[in-house]
Structure formats: C-alpha cells, structure tokens
1. Here's a check for you: in region 34-68, which residue that is in contact with a Phe, Trp or Tyr (Cβ under 9 Å, 6 or more places away or on another chain) and open to solvent by 60 Å² or more (accessible area, probe 1.4 Å) is farthest from ALA173 (Cα to Cα)?
2. Within region 165-182, count every residue that is open to solvent by 20 Å² or more (accessible area, probe 1.4 Å) and over 16 Å from the mean Cα position of the chain (by Cα).
3. Only residues that are assigned to a strand (DSSP E or B) and either under 18 Å from the mean Cα position of the chain (by Cα) or surrounded by 15 or more Cβ atoms within 10 Å (Cβ to Cβ) (or both): list them for region 12-27, please.
4. Which condition does SER92 not pass, out of (1) of a type in the set (Gly, Ala, Ser); (2) open to solvent by less than 60 Å² (accessible area, probe 1.4 Å); (3) not in a strand (DSSP E or B), if it passes all the others?
5. Of all residues in region 105-164, which are among the aliphatic types (A, V, I, L, M), open to solvent by less than 10 Å² (accessible area, probe 1.4 Å), without any contact (Cβ under 8 Å) to a residue 40 or more places away in the chain and outside any helix (DSSP H, G or I)?
6. Collect the residues in region 103-123 that are of a type in the set (A, V, I, L, M, F, W, C) and more than 14 Å from MET1 (Cα to Cα), keeping them in residue-number order.
7. From the list ILE74, ILE52, which residue is modelled with pLDDT of 95 or more and over 16 Å from the mean Cα position of the chain (by Cα)?
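The values are calculated or read from the model by the stated rules, or taken from the named source; none is laboratory data. As the structure is a computational prediction, the values presented were derived from the model and not from experiment. Quick reminder, even Gly has a Cβ in these numbers, built from the backbone with ideal geometry, and neighbours come from all protein chains shown. We work out accessible area using only protein heavy atoms, side chains counted, and drop any ligands, DNA or RNA first. Shrake-Rupley method; radii C 1.70, N 1.55, O 1.52, S 1.80 Å.
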Amino acid sequence: MRFEPIEIKDNQNRTIVLRHAAPSDADHLIEYLKVTTAETPYLIREPDEITITHEQEVSFINKCLDSDKSLLLIATLNERHIGNCSLNPISSYRRYAHRCEVAIALYQEFCGCGIGRIMLEHVLKTAKESGFEQAELEVISDNKRAIALYEKLGFRKYGSFPDNMKYADGSYASADWMMKKL
C-alpha cells in the first residue's frame, strides 16, 4: 500500500516525514532491525537472527507497495530512518478479513517523542479506510510505556500469553494480546 508523504512535528518540534517504505530503504531497514533488536528486549528476535538479505527486504517492500491491505510506514528525520509502523491482514481467509495486526518500533533515542503515537494514529486510520474492523497487537506484559500508549489509542487487553518469549539467559516474558475496534 502506498502512503502519501506527510510532515508531522514531534514533541521536540522536529519535522518528521511519514511515508511508505521504498525499495531504496531496504539496507536501512535491515540495519534498523539489527539495532532495535539489540536495544530492547521487547521485540521478537535476537540481533543475530536478523539474516534478511537486501533482495529479500526489497521483495517484502514491493509486496507491501503492491498490496491494498499491507502498509510499511516509515518515519524519517532529515532523511534518516528513525522507525516504522506496519499494518497487515491477520490472514487471507474471508472469515478473518475484518482483522489486521499492527506493529511499531523506533530507535530508542526517538522513543517518548510522540512519533510512535502519530504513526499509530495514521496506520489505524488507514486500516479503517481499508475496510478493517479491528486492529490487534501483541505486547510484552512489562512494556508499560507501550501498553500505556496503546490504551490511550483505544486498545484493550483481551488475553495473555504466559512465557511467550524465552530469552538467551533462560528467563521468560509474557505477552498481552490487545485489540481496538476501528
């Protein structure tokens, strides 16, 4: 899905551009995955599990661009990629056609600046305009900042997944399933 670029202001009055990802963003997106997975325990992969090739990332971006139901929205500051937010159908089956999933991550230095909230607002608006009736996400249960943001945007917790992730040190993290009616 394509998203016409827009400029927003974060809470530090910086101009952030939101736009759909393009094939030319592939290498930046791969690097972003490697860095953000190392910065936080809240993402689903370990940094060494980021093995996506340039060609695979370009293919993924093109699939999103060609889709009328998937969006990879990126945020840039002075043309530097600083985060992204995705929208995808839960499934291709008609019985699930009303459901979509959203996900978001920013480089840590840009968290708490209002960028994630604005990105999610635009993705949720796009989801509704695309015919989705509910948006869903999974969040690690102790990620209080993210949960507070999701709740402000109208998401509610509907369930938990105990021991959802197991870290390299052998510890576990539970996750919450949250949903918002659009």
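1. Step one: list which residues in region 34-68 are in contact with a Phe, Trp or Tyr (Cβ under 9 Å, 6 or more places away or on another chain), which gives 35-36, 39, 41, 46, 52.
The next check asks that each one be open to solvent by 60 Å² or more (accessible area, probe 1.4 Å); those that pass are 39, 41, 46.
Working: GLU39: 16, PRO41: 9, GLU46: 14 Å.
Once the filter is applied, the top-ranked residue is GLU39.
2. 11
3. ILE16, VAL17, LEU18, ARG19, HIS20
4. SER92 satisfies all of (1) of a type in the set (Gly, Ala, Ser); (2) open to solvent by less than 60 Å² (accessible area, probe 1.4 Å); (3) not in a strand (DSSP E or B) except (2).
5. none
6. Once the filter is applied, which keeps residues that are of a type in the set (A, V, I, L, M, F, W, C) and more than 14 Å from MET1 (Cα to Cα), region 103-123 yields ALA103, ILE104, ALA105, LEU106, PHE110, CYS111, CYS113, ILE115, ILE118, MET119, LEU120.
7. Numbers: ILE74 fails: over 16 Å from the mean Cα position of the chain (by Cα).
Result of the check over ILE74, ILE52: ILE52.
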